[in-house]
1. Gain in length, Lys175 to Lys75, computed as 0.36 nm per residue apart minus the alpha-carbon separation, to one decimal in nm?
2. By the scheme Lys and Arg +1, Asp and Glu -1, what is the net charge of all other residues having a beta-carbon under 13 Å from that of Glu53?
3. Could you pull out every residue, at least 5 positions away or on a different chain, whose amide H is within less than 5 Å of the one on Arg186? Hs are placed 1.01 Å off N in the peptide plane, and Pro or chain starts have none.
4. With viscosity set to 0.890 mPa s and temperature to 25 °C, compute the Stokes-Einstein D of the stretch 100-194, Rh being the Kirkwood radius across alpha carbon pairs; µm²/s, no decimals.
5. When a/c reaches 1.5 or more, the comparison of a/b and b/c decides; with that in mind, is the stretch 139-194 rounded, prolate or oblate per its Cα gyration tensor?
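Please treat every number below as a calculation from the coordinates, not as lab data. Quick caveat: nothing in here was measured; it's all calculated off a predicted structure. Don't worry about glycine lacking a Cβ; one is built from the backbone with ideal geometry, like all the others, and counts go over all protein chains shown.
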Amino acid sequence: MLNDNQPELNEKNTADEMTGKASSEDRIENQNSDGNTENDLVQKLEEEIKKKEKEYEELLDRTQRLAAEYDNFRKRTQKEKEKLYDDAVCDVASKFLGVVDNLERALQAVQDGKENGLRDGVNLVYRQIVDVLEKLSIKPIEAVGKPFDPELHNAVMHVEDESLEENVVAEEFQKGYIYKDEIVIRHSMVKVAN
């Protein structure tokens, strides 16, 4: 019986040993598969980091290019504004050069003793200046007899006048000028009736 029991023990021991071996082999396989999973995960993370670094570099490059383009745009716009201003000044100045010429002629006429020449020269200069202003869309602001408008007129005096309605311009001391009927260049200096 001992002998009969012994093979059973041996079979049980062999089964346990096999189970034990299988368990340790399973553990080794799991470690290898877990190790590969960790390596795969690390590799995937490294690839993701490289991908993000590349995206970052592309975005940084794009941002730097946009900043450079904006800076160039700003400089170009500033130069264009300066050129427009210079062109406008030259255009206006060229319109007044004829006026200067006529004033010089009027002064020369005074030196030559021609008094009628001075009067005619001053009238010519005045007409020329008015013409230049009209070409520039600048015209005088009508004031006398018109209702007082603080957008157009600057009241420097008030007067009691029964013949005029209240808040009507009675007298103009200095003409005002307006550009394109919108922008006041200089307000009319006026006396207003109360």
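1. Details: separation 100, 0.36 × 100 = 36.00 nm, distance 4.02 nm.
Stretched out fully, the Lys175 to Lys75 stretch lengthens by 32.0 nm.
2. Details: positive: Lys50, Lys51, Lys52, Lys54; negative: Glu46, Glu47, Glu48, Glu55, Glu57, Glu58, Asp61.
Net local charge, Glu53 excluded: -3.
3. Under 5 Å from the amide H of Arg186: Tyr177.
4. Details: Rh = 15.3 Å.
My calculation gives 161 µm²/s for D.
5. Working: a/c = 2.55, a/b = 2.17, b/c = 1.17.
It comes out prolate by the Cα gyration axes.
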